[in-house]
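Chemist: Could you have a look at this structure, given as structure tokens, before my questions?
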Amino acid sequence: MDNFAAFLSHIKFVKNHHQKIKKIAAVTDGTFLSIMPQVANHFIQAEVRHFDYADKDAALNWLKDDK
């Protein structure tokens, strides 16, 4: 996410559509968003994982995996 406002916008979208979303990958080197999975898990049913920016391909592969 570019900034905190973008993060909040994304969370609002997820909140309104979370029943249709199974996984969320937080890809960032920022420290604040690295804790996003622990925060988001209290509000949404989707599985949320953090990936460092260098691991963005692994994040995409995880999102594509149907397990």
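The values are calculated or read from the model by the stated rules, or taken from the named source; none is laboratory data. Note that the structure is a prediction, hence the values are computed from the model and not measured. Backbone-built Cβ (ideal geometry, glycine too); neighbour counts: all protein chains shown. For accessibility, only protein heavy atoms count, side chains too; no ligands or nucleic acids. Shrake-Rupley method; radii C 1.70, N 1.55, O 1.52, S 1.80 Å.
Chemist: In region 21-55, how many residues are open to solvent by 90 Å² or more (accessible area, probe 1.4 Å) and at pLDDT 80 or above? Let's see the steps before the verdict.
Modeler: Our first condition is that a residue be open to solvent by 90 Å² or more (accessible area, probe 1.4 Å); within region 21-55, this holds for 22, 29, 31-32, 38, 42-43, 45, 49, 53-54.
Pick out the ones that are also at pLDDT 80 or above and you get 22, 29, 49, 53-54.
Total satisfying the criteria: 5.
Chemist: Within region 3-15, work out how many residues are modelled with pLDDT of 80 or more and of a type in the set (S, T, N, Q).
Modeler: Within region 3-15, residues that are modelled with pLDDT of 80 or more and of a type in the set (S, T, N, Q) number 1.
Chemist: Still on this model: Search region 7-27 for residues that are under 24 Å from residue 54 (Cβ atoms) and without any contact (Cβ under 8 Å) to a residue 40 or more places away in the chain and pair each with any residue that is open to solvent by 30 Å² or more (accessible area, probe 1.4 Å) and among the hydroxyl-bearing types (Ser, Thr, Tyr) when their beta-carbon atoms are under 8 Å apart and the residues are at least 6 apart or on different chains.
Modeler: From region 7-27, the pairs are 26/34; 27/53.
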